[in-house]
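The values are calculated or read from the model by the stated rules, or taken from the named source; none is laboratory data. Predicted, not measured: the structure shown is a model, and the values here were computed from it. Please note: Cβ atoms are built from the backbone with ideal geometry, for glycine as well, and neighbour counts cover all protein chains shown.
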There are 4 protein chains.
Amino acid sequence: MIVSMKLHANKADIESVCERVRDFGYKIHAIEGEERVVIGIVGTGDVTACLESIEAMPGVEKAVRISAPYKFVSKEFRDTRTIIRVNGHDIGGDEFTVMAGPCSVENERQIMETAEGVAAAGAHMLRGGAFKPRTSPYDFQGMELDGLKLLRKAREATGLAIVTEVMSDNDVDLVAEYADVLQIGARNMQNFALLKALGRTKRPILLKRGLSSTIKELLMSAEYITAHGNPNVILCERGIRTFETATRNTCDITAVAVLNELTHLPVILDPSHATGKRSLVPALSRAAVAIGADGIIVEVHPNPAKAMSDGAQSLDFAMFRKMMADMEPYVELWKRARLSEAVVAV
Amino acid sequence: MIVSMKLHANKADIESVCERVRDFGYKIHAIEGEERVVIGIVGTGDVTACLESIEAMPGVEKAVRISAPYKFVSKEFRDTRTIIRVNGHDIGGDEFTVMAGPCSVENERQIMETAEGVAAAGAHMLRGGAFKPRTSPYDFQGMELDGLKLLRKAREATGLAIVTEVMSDNDVDLVAEYADVLQIGARNMQNFALLKALGRTKRPILLKRGLSSTIKELLMSAEYITAHGNPNVILCERGIRTFETATRNTCDITAVAVLNELTHLPVILDPSHATGKRSLVPALSRAAVAIGADGIIVEVHPNPAKAMSDGAQSLDFAMFRKMMADMEPYVELWKRARLSEAVVAV
Amino acid sequence: MIVSMKLHANKADIESVCERVRDFGYKIHAIEGEERVVIGIVGTGDVTACLESIEAMPGVEKAVRISAPYKFVSKEFRDTRTIIRVNGHDIGGDEFTVMAGPCSVENERQIMETAEGVAAAGAHMLRGGAFKPRTSPYDFQGMELDGLKLLRKAREATGLAIVTEVMSDNDVDLVAEYADVLQIGARNMQNFALLKALGRTKRPILLKRGLSSTIKELLMSAEYITAHGNPNVILCERGIRTFETATRNTCDITAVAVLNELTHLPVILDPSHATGKRSLVPALSRAAVAIGADGIIVEVHPNPAKAMSDGAQSLDFAMFRKMMADMEPYVELWKRARLSEAVVAV
Amino acid sequence: MIVSMKLHANKADIESVCERVRDFGYKIHAIEGEERVVIGIVGTGDVTACLESIEAMPGVEKAVRISAPYKFVSKEFRDTRTIIRVNGHDIGGDEFTVMAGPCSVENERQIMETAEGVAAAGAHMLRGGAFKPRTSPYDFQGMELDGLKLLRKAREATGLAIVTEVMSDNDVDLVAEYADVLQIGARNMQNFALLKALGRTKRPILLKRGLSSTIKELLMSAEYITAHGNPNVILCERGIRTFETATRNTCDITAVAVLNELTHLPVILDPSHATGKRSLVPALSRAAVAIGADGIIVEVHPNPAKAMSDGAQSLDFAMFRKMMADMEPYVELWKRARLSEAVVAV
């Protein structure tokens, strides 16, 4: 941590800061600047409380944290990719992962048809919500337990692993019984009661970035789950909220590349929520492959026009098949790059 | 709902849209524009699913919702202010409400001293967190049940009502046993499992606006609580997240005036989280009074420099007393305006 | 400037950074951290180029600037308020300044009526655009020179000083001939060719904050004008662009308080552009007074419904008079605070 | 345009709106809704003034524009791609365009070396700033005319076309004499005096999206240039400003796909400003190819560590060569897609 004093900070102010630092158990290395005094502070452990305490003291211009506040999820802690094996498929490994399915499980026919449709087109996992977070209390809230049962049925029929959302710490055990991967929605990325409960399950977690969460906060939420016992976290960029209204969200695609520099966890992209518009999904999916994401999660529905939610951003089977075919040569380039990376590592 | 077709939309496209509308049970009023066809749709109830279904159909340019998606919380539903009586004090009535206290309950001495300090300076309620949402798993997470017990003790000693945060639907009943008002933090504004549970308690709710939530979404979350049975919701503007980093958040103070036009619910402002810096709190509090907020919620700590959280934005007792004194004439003007409004209403 | 190295940065990386620093002529004070190496750099002058050069060197985690990049406009440079005398009225002094008038000068009758209307209600200056920045090439672009002449006429008739926008460095001399204060619109806040030209005029400048400009960037633009020779700059908060669409912009009212801590320049607020909706203007104007702005600039039009631009946010004369009357007691409190501040300073 | 009235709007309010509409010369089609009255308005031409006038009338809930406010740049106006021929190379055609070079022209050796370096690696155009927009008045402001002369020299030596920035309407003719393409920086995207001047030159324009400009506003600025006489506009996504600080800006890569749906103009991407960090540039460039951009503009410098500006985001020659080689198979896929699109069009 570094504290810089104001231009006219007096000796008493400086001494008070130093005292506070020592109260917290850290060591001091003072630098006498020509224009102003800057104080370097050295120590292990989390410095948040100390930093917050100091930054509003008299005479202080700025207090800056130097070390990243996360540990287990950082590349400094572990420099090989975390590979998460789900139902025989490796997420974060040498194969590009495609999760596909409807926004909500609506009825048996819809979910069974979709499972077969996306499996035939090459998807590795089936997505589908049984518990639905909806902005309005008057919108469809999901089939809940009945939905989970239908997902299990679809799993048995197609062999696809299941990824589905859990919205409350109460439901973690229940959903974990039916799902292969537990999805945490953007609005729950900082639901800390839920994150702690996820640390206690053995299922891998798909953690979506919050609408206005920084990349660092996303990593901190992953750190919560890891620190509470579950190291199997898949990160997901799904668009952030900005002033632009032409798309439902603004896809921060560069976040994928940034995360690849900072963490060993797999990173996937959700082109459906990022755009909100089905015609934009195939182009953004190709870009996700090209930038080096580990996979995508896409909304597909047998009849998007009649979907109970997210119809505008869902692909039908024909569009999904075409998209998968068009992505194929990009995925080939992706694999080549991934394999050559492994060779370099050896 | 209004649907406008693209310039070159053909008859078949238009007919498909009309058919879809009828499938949802709505009536159609078509307008033949000179340049393009616009379709007006009339009907009661929520149109979200229909709108989402139509907006991605071939030939559609744009689909726009006309009615507000909330009902119980709107002024159209009820045009007199909701007044919430807490421990003999009316929130939303003719008195400006001041809630004050530390970010976290840290120990008995700290909370008892603070309760006495803020009561002496004129606060109406004591705030203090027993369950703390923290970005890092390594930061202090709150005293939990022990904290609630200390808050009860402070209530008994000073007569101040208690407002404290609840973070999980699991804890609603427990916290409701100890607190007069249940606070929902910004990161939980769209924790729908929690909102539903809040609908089933009888305690008033203090609902903070999410970091990137629109005013409309804040009202929708209030609608959740109301629709599930609890009409006593206090809204709170606490700053939104923008590109500006000079303050912790950007206070959207105009939201107070906008909410006063849209809803009958009380609206308060949190100048501590909105700024993140104690020196800015008194000026913003005065502005909150002037714009017509129903109250403020302020962080006060016996020794901010040693606070376990939010030290930089907490006032000490002397600063809080001075702020309350300086605010006094503004509060007088506020009361005069509130009373003359009542006269007009008669 | 402070440079922190990555956890596993090697000696060669550290040495390269030190060499680079010395190349730029700065001195080094290295700190050996327990976890990582942090390098303190001391020197006068602007460090931007050095910082940009270092922050992407191998082994570097972060490079942080310590000193503010502006000088003349900072409180560290001058700690008494800059008072700008315009036509016998002091902006930034002991009187709250009200600038009012239409978005655009439309014709003689409109501007003369408005000038008389706002003067009668107590405004100190007349605003009105002769050169108009419009998003669409098909919208009304202003009366240009004819508009300036009408403003002069209104000035002669009412004695009100004139504030009007200049959009190009070409027009600075022309506009300066007719106007008392030159306004720079939000979209031109970083039009550096224009800022340089403004440094060469003697007229005071009203500099509006850009839609996505930070407070620091606003100060840097003021520094441009000052560094090029003109120290008479009035800053203006007019709302920034965020995700919220209920208002035209999001008023960052706290920026007024932040600027009052950082700079000696006067700061005013534009409640018309900040809200985009006339019903919200009076409440926000009161808040501007309460938070300590030096004045406001408000859109007023004889018949807002027929205005050629910004009709939705313009007040008519009756609303403006009522707002001025309602603001009066708040302005009294403002004056009292301003005068007591002067006493403290003595 | 559609106007929806409030729930309790009375007959007089509705009649006033209708009258206003007729005053502007538009026709009315009223719809009697069950819950509220909605008024449809039909007419050609720009409706901005009418819309602004109506949206704040008593009883009005919302006024919504239906037609896009731009015309010449829209796909509805022209449905084949605009191809801009520069120095024998087609931008927007069947070849992916690479513009590369330093942020600023610093001296003869630097620009000549860079020109040769990027030409050898396969770039089609040389970028380099002679007039530099800098946030601080104390930063290097560019070599101006001397810089332009050096660019001409580099053009003669390598045959590369030149793209360079113009910052003031005063300089358009001068820069047009030396450059093949005139670049408009993000901060000048709504410098309307400049846009008008650009309409009068014959040089193609590279128009960068503003930091907080919507896609629609970018198109409106292109419409300005086109409406004033110059149809040769290349659009450029270079990142927008959001709350995220891990990158210099947030690249809204989906904007490329959105623009490809809305306009016939070529669209390129600037991965250097979008990220601010050289290590992220190659990954984002690949994504730009994959999503269907017409090209990229990249910062390259012989010795980024010693660059006078933007060093952190500039590639050196070796990195640029490697990036070009790695992009090659993606560009091949891009070409195949572009050619098959042409076949479909036939």
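Annotations
- Matching residues in the range A:155-164 - criterion: being surrounded by fewer than 23 Cβ atoms within 10 Å (Cβ to Cβ) and touching a residue at least 12 places away in the same chain (Cβ under 8 Å): A:155, A:157, A:158, A:159, A:161
- Checking each residue in the range D:280-308 for being crowded, with 17+ Cβ neighbours inside 10 Å and more than 22 Å from the chain's Cα centre (by Cα) picks out D:301, D:302, D:304, D:305, D:307, D:308.
- The single residue among D:195, D:235, D:211, D:219 that is over 21 Å from residue D:252 (Cβ atoms) and at pLDDT 95 or above turns out to be D:195.
- Annotation: residue C:226 fulfils all but one of (1) more than 14 Å from chain D (Cβ to nearest Cβ); (2) within 17 Å of the chain's Cα centre (by Cα); the unmet one is (1).
- From the options D:225, D:268, residue that is closer than 27 Å to residue D:321 by Cα and crowded, with 23+ Cβ neighbours inside 10 Å: D:268
- For residue A:136, the criteria (1) within 11 Å of chain B (Cβ to nearest Cβ); (2) in contact with a strand residue (DSSP E or B) (Cβ under 7 Å, 6 or more places away or on another chain) hold in every case but one, which is (2).
- Enumeration of residues in the range C:48-107 that are more than 23 Å from residue C:222 (Cα to Cα), within 11 Å of chain D (Cβ to nearest Cβ) and polar (S, T, N, Q): C:53, C:104
- Top-ranked residue of the range B:311-336 - restricted to ones that are surrounded by 22 or more Cβ atoms within 10 Å (Cβ to Cβ) and under 24 Å from residue A:23 (Cα atoms), ranked as farthest from the other protein chains (Cβ to nearest Cβ): B:315
- From the list B:274, B:287, B:283, the one residue that fits, being at the interface with chain C (Cβ under 10 Å from one of its Cβ atoms), of a type in the set (Gly, Ala, Ser), part of a helix (DSSP H, G or I) and in contact with a strand residue (DSSP E or B) (Cβ under 8 Å, 6 or more places away or on another chain), is B:274.
- Among the residues of the range D:104-132, those that are in a loop (DSSP other than H, G, I, E, B) and closer than 15 Å to residue D:159 by Cβ comprise D:121, D:122, D:123, D:124.
- Positions within the range D:154-184 being among the hydroxyl-bearing types (Ser, Thr, Tyr) and within 14 Å of another protein chain (Cβ to nearest Cβ), in sequence order: D:168
- Qualifying residue in the range B:81-103 (condition: free of Cβ contacts under 8 Å to residues at least 60 places away in the same chain, part of a loop (DSSP other than H, G, I, E, B) and buried (at least 18 other Cβ atoms within 10 Å of the Cβ)): no
- If the condition is being within 18 Å of residue C:92 (Cα to Cα), in contact (Cβ under 8 Å) with a residue 60 or more places away in the chain and within 12 Å of chain D (Cβ to nearest Cβ), then the range C:200-222 contributes C:219, C:222.
- Members of the range A:229-243 that are charged (D, E, K, R), at the interface with another protein chain (Cβ under 9 Å from one of its Cβ atoms) and touching a helix residue (DSSP H, G or I) at 6+ places or on another chain (Cβ under 6 Å): none
- Counting only residues that are farther than 21 Å from residue C:207 by Cβ, within 12 Å of another protein chain (Cβ to nearest Cβ) and touching a helix residue (DSSP H, G or I) at 6+ places or on another chain (Cβ under 7 Å), the range C:290-306 holds 5 of them.
- Residue that is under 26 Å from residue A:188 (Cα atoms) and at pLDDT 95 or above, where the choices are A:112, A:99: A:99
- Among the residues making up the range D:173-192, those that are over 19 Å from residue C:166 (Cα atoms), crowded, with 21+ Cβ neighbours inside 10 Å and among the hydrophobic types (A, V, I, L, M, F, W, C) are D:175, D:179, D:181, D:182, D:184, D:186.
- Cβ-Cβ distances below 6 Å connect the following pairs, each with a first residue in the range A:104-128 that is charged (D, E, K, R), a second residue that is crowded, with 24+ Cβ neighbours inside 10 Å, and a separation of six or more residues or different chains: A:127/A:99; A:127/A:101; A:127/A:163; A:127/A:297.
- Hey, residue A:147 within 14 Å of chain B (Cβ to nearest Cβ) and either touching a Ser or Thr at 6+ places or on another chain (Cβ under 8 Å) or closer than 30 Å to residue B:71 by Cα (or both) or not: no
- Residue list for the range B:246-266, restricted to those being more than 7 Å from chain C (Cβ to nearest Cβ) and of a type in the set (Val, Ile, Thr): B:256, B:263
- Wholly within the range D:133-227, helices (runs of 4 or more DSSP H) carrying at least 2 residues that are closer than 17 Å to residue D:72 by Cβ and β-branched (Val, Ile, Thr): D:215-227
- Of all the criteria given as (1) crowded, with 22+ Cβ neighbours inside 10 Å; (2) without any contact (Cβ under 8 Å) to a residue 40 or more places away in the chain; (3) not in a loop (DSSP other than H, G, I, E, B), the one not satisfied by residue D:243 is (3).
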